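So the structure is just underneath, and the comments pick up after that.
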Amino acid sequence: MKKLLAVLLLALSTTVNAATCEEIEALASSIMTARQSGVPLKQVIAIADGQDYIKRIVMVAYGTTNYLTDEYKTKAVEEFADEVYLLCLKSTS
């Protein structure tokens with residue numbers, strides 16, 4: 001997953017002017033929530049609408065484990081959103 005996050009960082013570095021890190025964090029949280037809720041990849045990838053950084057966030061999220069308990073699902077969403085937010089902040093500095 002670390003390699004995928006590095007690729008995501010490259011994608012974010014070219015798009016951070018178009019969207020704030022807070023918006024990207026919220027998007028990552030929504031995407032991982034969909035992942036943890038069992039929404040099919042095909043349905044979620046459609047929201048990317050040709051935007052590479054969104055597609056990459058979706059691909060990284062769907063490359064992770066889909067947990068069974070609400071506690072682990074919540075933790076997965078929070079940790080993923082935090083990681084994406086941190087990557088975004090790093091790409092702006």
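Nothing in this text is a laboratory measurement; each read-out follows from the coordinates by a stated rule. Nothing here was measured: the structure is a model prediction, and the numbers come from that model. Positions of Cβ are generated from backbone atoms using ideal geometry, with glycine treated the same way; all protein chains shown enter the neighbour counts.
Backbone geometry of the stretch 57-63 corresponds, through the Karplus equation with coefficients 6.51, -1.76 and 1.60 at θ = phi - 60°, to 3J(HN,Hα) couplings of 4, 4, 5, 5, 4, 6, x Hz, x marking Gly and Pro. Among the chymotrypsin sites (Phe, Trp or Tyr not before Pro) found in the stretch 23-93, those both in a DSSP coil and sparsely packed, with 15 or fewer other Cβ atoms within 10 Å of their Cβ, are 67.
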